[in-house]
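What follows is a set of notes on a single structure, which appears directly below.
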Amino acid sequence: MTVVVLLGAPGAGKGTQAELLAERLGMPHVATGDLFRAAVRDGSPIGLEARRFMERGQLVPDDITIRMLLDRLDQQDATNGAILDGFPRNGAQATALDDALRERGDRVDLAVNIEVPVDELIRRMSGRWVCTDAGHVYNESTNPPRVPGVCDIDGSPLIQREDDRADTIRARLDLPLASLREVIDHYARAGVLRAVNGLQPIEAVADDVLAVVAGEPKRTDA
Ligand code: AP5
Ligand code: MG
């Protein structure tokens, strides 16, 4: 099993890069934000609970988030690994993931931190559009769809995320960033942290992410 974690502030490009990497490596892209947004759309109990936190730009409580993520990793398509986007988000989640993987004789192979300055994060989130079917990500200035308002990949309508309003964007760049620091430190201690410059065109970032992933020595124990 290969587990790659993509780290970065809100708007850094985790979802964009995870989608490209998942395609190239043939592994599922598992994003807790997307799982929560799907639960909100379905009106499920997890969705109703998560929405209260998401609309304030706060993290959803760990017990709900960890359970949801581990259930997702138990699904058939994740047997050989996954690209994680938006999880773990704090030290407790990172430890819970380590524990769960250790039980299977696995571990996080690589954590790639996509570094982008705050001013650019705000600009990116303000111009973001996502598709209603699968959460494919666009940007009205840096990554527009071929036909305005329509997803290139699945043809579903594009919408703006509820948490991409100016006030929520500010909240998401405040407290959650301290938690991200815990995760970065966690993977630095484990010796699996790498950084890429996220302030480049999407394809250039993707090349750097792939180079980092390809540069990892193959594991012989899995
Ligand atoms: P989540 O959905 O994970 O949101 P986030 O971390 O705030 O990150 P974003 O999705 O906003 O940004 P991204 O890095 O994916 O960037 P993207 O590729 O879209 O979480 C949402 C909420 O759910 C959280 O606030 C929390 O409440 C809850 N939650 C989720 N996970 C949780 C957890 N583990 N624990 C607790 N709560 C949790 O790109 C952004 C924009 O920039 C797009 O428009 C894109 O087209 C554009 N772009 C991307 N790359 C580039 C580039 N290189 N150049 C120019 N433009 C670019
Ligand atoms: Mg995302």
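The values are calculated or read from the model by the stated rules, or taken from the named source; none is laboratory data. In this text, all values refer to a predicted model and were calculated from it rather than measured experimentally. No Cβ is skipped: glycine too gets one built from the backbone with ideal geometry, and neighbour counts run over all protein chains shown. Ligands, DNA and RNA are stripped out before the accessible areas are found, and what is left, the full protein with its side chains, is counted by its heavy atoms. Shrake-Rupley method; radii C 1.70, N 1.55, O 1.52, S 1.80 Å.
Rounded, prolate or oblate: which fits the chain when a ≥ b ≥ c are the square roots of the eigenvalues of the alpha-carbon gyration tensor, with rounded for a/c under 1.5 and prolate only if a/b beats b/c? Write out the running numbers ahead of the final one.
On the way: a/c = 1.41, a/b = 1.24, b/c = 1.14.
Since a/c stays below 1.5, the shape of the chain is classed as rounded.
If you roll a 1.4 Å probe over region 1-154 with all protein chains in place, what percent of the accessible area is carbon or sulfur? Numbers along the way, then the final one.
Values: 3620 of 7170 Å².
Heavy-atom surface of region 1-154 belonging to carbon and sulfur, 1.4 Å probe: 51 percent.
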Quiz item: Could you state the principal axis extents of the C-alpha atoms in region 98-143, from the largest down, to the nearest angstrom?
Solution: 44, 30, 13
Exercise. For every other residue with a beta carbon closer than 12 angstrom to the beta carbon of I64, add +1 if it is Lys or Arg and -1 if Asp or Glu, then tell me the sum.
Key: -1
Quiz prompt | Neighbour net charge for R189 - beta-carbon separation under 12 angstrom, K R +1, D E -1 | solution = -3
Self-check item: Nitroxide proxy distance, nm - points 7 Å out along Cα→Cβ at T132 and A204
Solution: 3.6
Quiz item: GNM, the chain, Cα, under 10 Å: largest mean-square fluctuation among T142, T168, T65?
Solution: T142
Quiz prompt | Kyte-Doolittle mean at least -0.5 and Cα axial length at least 20 Å: DSSP H helices in the chain | solution = 175-190
Quiz item: What residue among E182, E23, E55 shows peak mean-square fluctuation when the chain is described by a Gaussian network model with Cα springs under 10 Å?
Solution: E23
Quiz item: Near I153, within a Cβ-to-Cβ distance under 10 Å, what is the net charge of the other residues, with Lys and Arg +1 and Asp and Glu -1?
Solution: -4
Quiz item: When the chain is treated as a GNM, springs tying every alpha-carbon pair under 10 Å, which of S156, S141, S179 comes out with the largest mean-square fluctuation?
Solution: S141
Quiz item: Which of the trypsin sites (Lys or Arg not before Pro) across region 80-114 are loop residues per DSSP, with 13 or fewer other Cβ within 10 Å?
Solution: R104
